[in-house]
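**Student:** What follows is a single structure, and I will ask about it in a moment.
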Amino acid sequence: MLQDFRSPFDATVVKLLKKAGAQISGKTNCDEFGMGSLNIHSLHGPVINPFRVDSRRAAGGSSGGSSAAVAAGLCDAALGTDTGGSIRLPASYCGVVGLKPSYGLVSRYGVVSYADSLDTVGVLAQDVERVEKVFECINKRDCNDPTSVDERLREKAHLLATKSIQRWSGESLKGLRIGIPQEYFPSELTSSSYHILASIRHLLSQLHSLGASIVPVSLPSTAYALSAYYVIASAEGSSCLSRYDGIQYGLRVPPSPESNFTSTSRTYSPSRSQGFGREVRKRILLGTYALSADAFDNYFLQAQRVRKMVRDDFDHVFSIPNVLYSKLSFEEKDANDHGEDGVDILIHPSAIRTAPRLDDVLDVSCDRDTLQDYVQDVLTVPASLSGLPAMSVPMRPDAGLNQPRDNQQSDENWPIGVSIVGQWGTDELVLKVGRVIERLSRR
Ligand code: GLN
């Protein structure tokens, strides 16, 4: 097993794995504090995607080191953190399986916080079986983590997931309702990545021929999710990282004798300027601004409103109720089950593209549109804002095209991931559907 660099000491998850007999073989590279989508914001340099090393492509971020290690066969499984897509995106780029569990199931005790209301610890491995094995081991309540969900809610969600699985698991997939959110096929995807669409289409026709119902659904607030995510994540990040003050915590850089700052700034400013990389400094500034009295309503509050809308959209399309927010008792909700209209899970492409070339994304000239880095997360952040379980599983790049191309430089020869998203707490359902998709993609 390898663990992400964001776990500085024996986090609860690592202890659980050791107790179960896992060997921890090292720590992996990641974007500084998990802030990034391409693993290009690391003190240790960028991770090179091992799919074809000579092509020098990004491994994705922020847990790019973990996904690259898994893809290169350096370990059986690796831990990663996913705040807005940092497990699913690198899993998709490197061609491995990556699970972001439901928020609150896996302990974050011992993990350096980026954004507390979004951070999750998850698993990367070469197949769903291994991911499941590790997840089962770390899916435990931990009283050291105040956001760790109690047994009662876990049990409720487990019963609902089991009920759904029992309806369809068998010879065929008859009874499984798969939702395809129309907003998850944005222009960024349709214009340049035809092969991703073709592969998804092919997969859906396979699932349909096995008996699953494919249901088009709409999640109308998706368009606002990315902006809301970056406001909330930066705001929480600025607060979480305020402990790196150079006094009690973090790097201490003595002020230069010529500086004409006030005494407080003289201490903070050099430590916080030199102690963080460029991207982290940018996020802290943006986040602090979003929380300032002038901007709070327009940015932070507005983003929280969008977050609720995104969550409501999901609750609306799933047949399984959200046990965290449902006002009805479990039994009442069960009776009110809108099973006929709702879907069991959602499926969508994990990313809008395949792994980009490092030379393109490392270009530090001012011409480069860094906004494009943030856009990579457009399909992963909604599940993060809603705390839902989501897993990226590789699809064969040529699954839909049926015409493998020899050109190694072609995007079409690089791994593509498909994401499976479930209602809160139904991680086992997500894993089960993941196994089906994995089987179909390997045929
Ligand atoms: N790319 C996103 C960000 O930079 C997500 C990162 C993550 O999930 N840790 O915030």
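Bear in mind that the values in this text are calculations on the coordinates, not laboratory data. Keep in mind that what you see is a predicted model, and the values were worked out from it rather than measured. Neighbour counts are summed over all protein chains in view; Cβ atoms, including those assigned to glycine, are modelled from backbone coordinates with ideal geometry.
**Student:** Once you put a point 7 Å from the Cα of residue 305 and another 7 Å from the Cα of residue 44, both along the Cβ direction, what distance in nm separates them?
**Tutor:** Between residue 305 and residue 44, the label points sit 4.3 nm apart.
**Student:** Just subtract the alpha-carbon distance of residue 371 and residue 194 from 0.36 nm times their residue separation and send over the number in nm, one decimal.
**Tutor:** Between residue 371 and residue 194, full extension yields 61.5 nm more.
**Student:** Next question. In debye, nearest 20, what is the charge dipole magnitude of the range 64-219 about its Cα centre with +1 on Lys and Arg Cβ and -1 on Asp and Glu Cβ, if you could check?
**Tutor:** 460 debye
**Student:** Let me ask something else about it. Just order 304-314, 427-437 by mean Cβ neighbour count inside 10 Å, highest at the front, would you?
**Tutor:** Result, highest mean Cβ count within 10 Å first: 427-437, 304-314.
**Student:** Another question about this same structure. Please find the FRET efficiency linking residue 117 to residue 172, where r is the Cβ-Cβ separation and R0 is fixed at 41 Å, and quote it to the nearest 0.05.
**Tutor:** According to the calculation, E is roughly 0.55.
**Student:** In 10 Å bins starting at zero, report the fraction of Cα pairs in the range 173-214 per bin as a rounded %.
**Tutor:** Going out from 0 Å in 10 Å bins, the range 173-214 shows 28, 46, 23, 3 percent.
**Student:** What's the magnitude of the charge dipole for the range 224-298 around its Cα centre, counting Lys and Arg as +1 and Asp and Glu as -1 at the beta-carbon? Answer in Debye, nearest 20.
**Tutor:** About 280 debye.
**Student:** Along the charge dipole of the range 195-349, pointing to its positive end and built from +1/-1 on Cβ of Lys, Arg, Asp and Glu, which listed residue (244, 287, 301) has its Cα farthest out?
**Tutor:** Checked the options; the winner is 244.
**Student:** Right, another one. Would you be so kind as to identify which of 441, 233, 23 lies farthest towards the positive end of the dipole of the chain, taking Lys and Arg as +1 and Asp and Glu as -1 on Cβ and the Cα centre as origin?
**Tutor:** Final value for the positive-end residue is 23.
**Student:** On C-alpha positions alone, give me the angle between the axis of helix 222-240 and the longest principal axis of the chain, in degrees, nearest 10.
**Tutor:** The answer is roughly 40 degrees.
**Student:** Still on this structure: For residue 52 and residue 263, what does the FRET efficiency come to when R0 = 60 Å and r is the distance between their Cβ atoms, rounded to the nearest 0.05?
**Tutor:** So, using R0 = 60 Å, E works out to roughly 0.65.
**Student:** Taking 7 Å along the Cα-to-C-beta vector as the label spot, tell me the residue 180-residue 294 distance in nanometres, rounded to one decimal.
**Tutor:** Once both label points are built, they end up 4.8 nm from each other.
**Student:** Okay, moving on. Between Rg and the Kirkwood Rh of the chain, both from Cα atoms, what is the Rg to Rh ratio?
**Tutor:** Taking Rh as the inverse mean 1/r over Cα pairs, Rg/Rh reads 0.97.
**Student:** Taking every pair of distinct Cα atoms and averaging 1/r, then inverting, what Kirkwood hydrodynamic radius in Å comes out for the range 39-110?
**Tutor:** Across the range 39-110, the inverse of the average 1/r is 12.3 Å.
**Student:** To the nearest 0.05, what FRET efficiency results for residue 253 and residue 163 with a Förster distance of 45 Å applied to their C-beta separation?
**Tutor:** Approximately 0.20, to the nearest 0.05.
**Student:** Another question, then. Figure the gain on full extension for residue 136 and residue 20 (residue separation times 0.36 nm, minus the Cα-Cα span) and round it to one decimal in nm.
**Tutor:** Between residue 136 and residue 20, full extension yields 40.7 nm more.
**Student:** On a full-extension model of 0.36 nm per residue, what is the gain between residue 312 and residue 129, subtracting their alpha-carbon distance, rounded to one decimal in nm?
**Tutor:** Contour length minus Cα-Cα distance gives 62.7 nm.
**Student:** So for the pair residue 274, residue 151, with labels modelled 7 Å out along Cα→Cβ, what separation do we get in nm?
**Tutor:** 5.2 nm
**Student:** Considering the dipole of the chain built from charges on the beta carbon (Lys and Arg +1, Asp and Glu -1) around the Cα centre, which of 383, 138, 421 is farthest to its positive end?
**Tutor:** Most positive-ward Cα: 138.
**Student:** Quick one: dipole size for the chain, taken about the Cα centre, charges +1 on Lys/Arg Cβ and -1 on Asp/Glu Cβ, in debye to the nearest 20.
**Tutor:** For the chain, the charge dipole is close to 700 debye.
**Student:** Another question, if that's okay. For a footprinting-style exposure proxy, rank 197, 379, 176 by other Cβ within 10 Å, fewest first.
**Tutor:** 197, 176, 379
**Student:** In the chain, what % of DSSP beta bridges are antiparallel (nearest 5)?
**Tutor:** 70 percent
**Student:** Show me 119-130, 221-232, 156-167 ranked by packing, highest mean number of other Cβ atoms within 10 Å first.
**Tutor:** Answer by packing, highest mean first, reads 119-130, 221-232, 156-167.
**Student:** Compute the relative contact order of the range 1-96 as a whole-number percentage, counting only Cα pairs closer than 8 Å that sit 6 or more residues apart in sequence.
**Tutor:** Contact order relative to length: 29 percent.
**Student:** Hey, another quick one. Expressed in nm², what is the orientationally averaged projection area of the convex hull enclosing the Cα positions of the range 1-127?
**Tutor:** 6.7 nm²
**Student:** Based on the mean of other Cβ atoms within 10 Å per residue, sort peptides 82-95, 14-27, 237-250 so the most packed one is first.
**Tutor:** 82-95, 237-250, 14-27
**Student:** Compute the helix-to-body angle for 278-291: its Cα long axis versus the longest principal axis of the chain, expressed 0 to 90° and rounded to tens.
**Tutor:** Once rounded, the angle reads 80 degrees.
**Student:** Which entries in the list 27/308; 282/432; 19/100; 27/282; 156/308 go over 32 Å, if you measure between the two C-alpha atoms of each?
**Tutor:** 27/308; 282/432
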